[in-house]
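Below: the structure, in structure tokens.
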Amino acid sequence: MIVTTKELYEIAYGNYAIGAYNINNLEQTMGLFRGCIDSQAPFIIQISKGARSYTDKRMLEGIIRAAGDVFPEAIFAVHLDHGDEATCYDCIDSGFYSSVMIDASHDPFEENVAITKRVVERAHAKGISVEAELGMLGGVEEHVAVDEKNACLTDPEEAKEFVEQTGCDSLAAAIGTSHGAYKFSGGQGLHFDRIKEIQRLLPGFPIVMHGSSSVPQDEVRRINEAGGKMKEGAKGVNEDEYFPAAKLGVTKVNIDTDGRLVWTRVHREYFNQKPEEFDLRGPGKIFMAEYAKFIAHKNEKLGSAGQLSDIRQKLGK
Ligand code: G3H
Ligand code: 13P
Ligand code: ZN
């Protein structure tokens, strides 16, 4: 059952985080729903601009609707990930999305405020909530000095001003993470001091953590042993930091890269071990099962596992 993102946030805030998982195809969708039912967790299914144009946006919408029928117990929201203004309007008007993300974080503050405000106005008129972004998610470049990296983090005072001016419903904050498989080269981690300060200035307001994959080194090793050439040693977010962050108001945790690693490992190992095979359903079946296990594990770490009946009761559904 599709619910609003706002409903999920109100129940989860300060207690646990909701996993927001990107999907691009049928196998990911099936694995995601299976994993969330196995772990009894609510979730957010998110679709990026790239995912919408991978085949046709209507394909993904159709797959998600069908998954909702196949797994009637599931409670989830549908979210546009990293949208521009035009894509946000397209999703708002489609009537299918629970929430949209307007990513104008690369624009100057005033411009970001103006764009976000326009999207909020259109979205709220239809009961859809808006995630906005402030700050710059960093990379792992060795040459970038610590001071410079900290300057890219979200300024808590600015965050308060931004939220008040725009009326957005959640904020993607730069708190030390970055997208992709190469986040931290050493012992870095989440900036809990920033998260705490944002929560102090914006109590009760949901913070979104992008770039939350943990990049398990075992996955990278297996991919490389099966012929891959991924850089080893670069780490992701420590999974044991998800829950403490959730307690401080990080209510949505975005994970995509780790799922891609599962896909790559399964397919590389399968065809490496069975070079004579050419039936796509062989690795597809294994992937769906492995992806479901991966999702259930993440939900355990986020604290969302086991929350489904409580959510159903609180929503009266
Ligand atoms: O943060 C971006 C997500 O990982 C989606 O990636 O734009 O390649 O679909 P994508
Ligand atoms: P990862 O690349 O760490 O999985 O982050 C995904 C994300 O932030 C999607 O918006
Ligand atoms: Zn992101």
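The values are calculated or read from the model by the stated rules, or taken from the named source; none is laboratory data. Since this is a predicted model, take the numbers as computed values, not measurements. When we count neighbours, we look across all protein chains shown, and the Cβ atoms used for this are built from the backbone with ideal geometry, even at glycine.
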Quiz item: So is GLU219 within 16 Å of ligand 2 (Cβ to nearest atom) and either within 30 Å of VAL100 (Cβ to Cβ) or at pLDDT below 95 (or both) or not?
Solution: no
Quiz prompt | Given (1) farther than 30 Å from LEU26 by Cβ; (2) within 16 Å of ligand 1 (Cβ to nearest atom); (3) part of a helix (DSSP H, G or I), number of the condition ILE175 does not satisfy | solution = (3)
Practice problem: Could you grab the pairs with beta carbons closer than 6 Å, sequence gap of 6+ or different chains, first residue in the stretch 66-79 and under 17 Å from ASN299 (Cβ atoms), second one small (Gly, Ala, Ser)? | Solution: ALA77/SER98; HIS79/SER99
Quiz item: Taking the condition within 13 Å of ligand 2 (Cβ to nearest atom), closer than 18 Å to PHE294 by Cβ and within 18 Å of the chain's Cα centre (by Cα), does ASP258 pass?
Solution: yes
Quiz item: Residues in the stretch 239-254 that are closer than 16 Å to ILE295 by Cα and in contact with a strand residue (DSSP E or B) (Cβ under 9 Å, 6 or more places away or on another chain): how many?
Solution: 4
Quiz prompt | Residue count for the stretch 151-184, restricted to those that are in contact with a His (Cβ under 6 Å, 6 or more places away or on another chain) and within 13 Å of ligand 3 (Cβ to nearest atom) | solution = 2
Practice problem: With the condition kept exactly as written, say whether any residue in the stretch 224-245 is of a type in the set (D, E, K, R) and touching a residue at least 60 places away in the same chain (Cβ under 8 Å). | Solution: yes
Exercise. For the stretch 138-145, state whether one or more residues are farther than 25 Å from ALA12 by Cα, surrounded by fewer than 22 Cβ atoms within 10 Å (Cβ to Cβ) and at pLDDT 95 or above.
Key: no
Quiz item: Only one of ALA114, ALA12, ALA77, ALA17 is within 30 Å of GLU239 (Cβ to Cβ) and touching an Asp or Glu at 6+ places or on another chain (Cβ under 9 Å); which?
Solution: ALA77
Quiz item: Of all residues in the stretch 24-45, which are of a type in the set (A, V, I, L, M), out of contact with any strand residue (DSSP E or B) (no Cβ under 6 Å at 6 or more places or on another chain) and either closer than 29 Å to LEU248 by Cβ or crowded, with 24+ Cβ neighbours inside 10 Å (or both)?
Solution: ILE37, ALA41
Quiz item: Among all residue pairs at least 6 apart or on different chains, which show Cβ distances below 6 Å where the first residue, located in the stretch 43-60, is over 22 Å from ILE75 (Cα atoms) and the second is in a helix (DSSP H, G or I) and within 15 Å of ligand 2 (Cβ to nearest atom)?
Solution: LYS49/THR87
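Every residue, every condition in (1) on the phi > 0 side of the Ramachandran plot; (2) within 15 Å of ligand 2 (Cβ to nearest atom), yes or no:
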site: ASP193; (1), (2): no, no
site: LYS196; (1), (2): no, no
site: ARG200; (1), (2): no, no
site: MET209; (1), (2): no, yes
site: SER213; (1), (2): no, yes
site: ASN224; (1), (2): no, no
site: GLY233; (1), (2): yes, no
Quiz prompt | Residue list for the stretch 81-98, filter: of a type outside the set (Phe, Trp, Tyr) and either surrounded by fewer than 17 Cβ atoms within 10 Å (Cβ to Cβ) or under 13 Å from ARG122 (Cβ atoms) (or both) | solution = GLY83, ASP84, GLU85, ALA86, THR87, CYS88, ASP90, CYS91, ILE92, ASP93, SER94, GLY95
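Results for (1) among the hydroxyl-bearing types (Ser, Thr, Tyr); (2) closer than 18 Å to GLU27 by Cα; (3) within 19 Å of the chain's Cα centre (by Cα), shown as yes or no for each residue.
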residue	(1), (2), (3)
ILE45	no, yes, yes
ILE64	no, yes, yes
ALA77	no, no, yes
LEU80	no, no, yes
ALA104	no, no, yes
VAL113	no, no, no
GLU121	no, no, no
